[in-house]
Amino acid sequence: MACRSGCCCGSGPINEDNARFLLLALFIIVYLLCGAAVFSALEQPKEREAKERWAQRFEHFSQKYNLSKKDLNNFLRNYEEANVAGIRVDTIRPRWDFTGAFYFVGTVVSTIGFGMTTPATIGGKVFLMFYGLLGCAATILFFNLFLERVITVIAVVLKSCHERRHNKAVLPQNGRRVSEGGQASGGGRGKAEDLSGWKPSVYCVMLILGAAAILVSCCASLMYSAAEGWGYLDSLYFCFVAFSTIGFGDMVSSQRVVYEGQTTAAYRVGNFFFILTGVCCIYSLFNVISIVIKQVLNWLLRRLEAPCRCCFPKRGHHPHRHPRRNVVAPGHLRTRRDPSIETDAINESETDPGRRMSGEMISMRDFLAANKVNLAIMQKQLSEMAIGHPRQSSSSSRQNGFSGGVGALGIMNNRLAETSVDR
């Protein structure tokens, strides 16, 4: 299935990008089916029990107060309408004063959408569509810029640690550097070149971002447990649902009018700070995890291509086969280099001319490569137009092994490349 050229093992040629897409789609479908089976087994008995309990209470209440079931159902429908407008049995903060509206627009632009507050008027619904269009786009840009700065700090710290280990490794017993000696100058230059092209492993970056997200979630859970009266596990559950912008709405923070035993304003500020920080951390972590998933898919594609080698007379290089891009084996299967934060952007020299010879439709990547336009160059030009001054040349990033990209992945590549040059 994953053959990049024509092969007798399959019905036709499938390029690498399409094979990766199909493999990822299959993984998501299987993942959804497994998740549905697990949640159905866990939650369905609780749902049936709740339905039986409600039916008994409904029957008891209608008989006790001599009410018809039709009238009682109409009353409950009226309450559901009031509930949508923000009316609750317990006293809660106003939904549409300035502070409540500010909380609402924050959940809109961050795409959390708890659902406890929704516009009820036609004007509010129409305004929300235009307001969310610009606000969500601006917030995603903010998350990308936050990711850029996080990756910069992580790269600087990791590179400093790597330089210290490198300097200790090249110091002989007399206290001089090996690169300063005449006989060891070649080895010193080789190590210096390795150091200049060094970039942090994606697994290390993922570990650091994961630790930061866990730390923020644990601290926020302590605050929510004390202020809202939730259990600690419930608070952790709320943190993940809110920080990942899932936003079910079953648990919403900062909804009481006054919080006893503490300053209400201070708690609302802390709630805003933790939600903002948590969303940024989880967003960055999701982007790095997506790179790891892509590397695993590349490794699986390489494993799936192994049976197709029988189609060739030798196990060596085939004239119509070209080296794969971004094929990184996870864990102990890595052989030549550690995986780093990369994307699929390529230079003109890496374009596979045999793909169009196989009869498949030309892709956008082939079109851009044929016209000598690289995605990284396009991104650089757009960035220069936006900030008003040119950035560093992309040649240094190519020398350091960084490839370009668009969006959050491109931001990580560019910041890692600039850090390796500046250091």
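The values are calculated or read from the model by the stated rules, or taken from the named source; none is laboratory data. Since we're looking at a predicted model, the values are computed, not measured. So basically every Cβ, Gly included, is an ideal-geometry build from the backbone, and we count neighbours across all protein chains shown. Just the protein is used for accessible areas: all its heavy atoms, side chains included, with ligands, DNA and RNA removed. Shrake-Rupley method; radii C 1.70, N 1.55, O 1.52, S 1.80 Å.
Placing a label point 7 Å from the Cα of LEU233 along the Cα-to-Cβ line, the residues of segment 40-54 whose backbone N sits under 20 Å from it are 40-50. Rounded to whole numbers, the Karplus 3J(HN,Hα) couplings from phi for segment 130-141 are 6, 5, x, 4, 6, x, 5, 5, 5, 5, 4, 4 Hz, using 6.51 cos²θ - 1.76 cosθ + 1.60 with θ = phi - 60°, and x at Gly and Pro. In this rough spin-label picture, where each label sits 7 Å from Cα along the Cβ direction, the ASP17-PHE39 distance is 3.2 nm. When TRP299, TRP54 are compared by accessible surface with a 1.4 Å probe, the order from highest to lowest is TRP54, TRP299. Cα-based values for segment 19-89, radius of gyration first and Dmax second, are 20.7, 66 Å. With θ taken as phi - 60° and the Karplus curve 6.51 cos²θ - 1.76 cosθ + 1.60 applied, the whole-hertz 3J(HN,Hα) list for segment 75-90 is 5, 5, 5, 5, 5, 4, 5, 5, 5, 4, 7, x, 7, 10, 5, 7 Hz, x standing for glycine and proline. The slack between LEU76 and PHE98, meaning 0.36 nm per residue of separation minus the straight C-alpha distance, is 4.9 nm.
Per residue, segment 19-89 exposes an accessible area of 87 Å² to a 1.4 Å probe, with every protein chain left in place.
Annotation: extensible slack from ILE293 through VAL156 equals 46.8 nm (criterion: 0.36 nm per residue apart, minus Cα-Cα distance).
The calculated FRET efficiency for TYR131 paired with ARG303, based on their beta-carbon distance and R0 = 56 Å, is about 0.70.
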